[in-house]
Amino acid sequence: MGDKIFIIVDDCVWNYDGYVNIVGITRDKDIAKQLLNKYVKKTKEEIKFEELNAIKDSNELNYDNFDGCWIYSQSETDFLLYQNGKYNSNHIDISIIEKKIISNV
């Protein structure tokens, strides 16, 4: 094992109700990715992601023209979903945070 830990975090505000959850912690980056993918899949099912008709984020989008629309991006280390393409009253941010382990022992 390395001298790093990987923390899977879910930061969400949905209909003005917010929370931050630690989904998992591991020393193995591959396991962190598996945990993230499993959690993202579960989250998408719960929010009925397919019914949101979310638009995949790109540099060409002009967010001023997306009032009420959902914008998302997804990679190996995160899943982001924002209404109007902004971190506003409705968002989901599930990501892997990498931290170095510091030992004084």
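Computed from the coordinates by the stated procedures, all read-outs in this text should not be read as laboratory data. Not measured: the values here are computed from a predicted model. Note: ideal-geometry Cβ built from the backbone for every residue, glycine included; neighbour counts use all protein chains shown.
Sorted on the mean count of surrounding Cβ atoms within 10 Å across their residues, most packed first, peptides 22-33, 45-56 read 22-33, 45-56. For Lys99, neighbours were defined as the other residues whose beta-carbon sits under 13 Å from its Cβ, and their charges (Lys and Arg +1, Asp and Glu -1) total +2. Within the straight-line cut-off of under 25 Å between alpha carbons, the lysines reachable from Lys4 are Lys29, Lys33, Lys38, Lys99, Lys100, sequence neighbours fewer than 8 places apart in one chain being disregarded.
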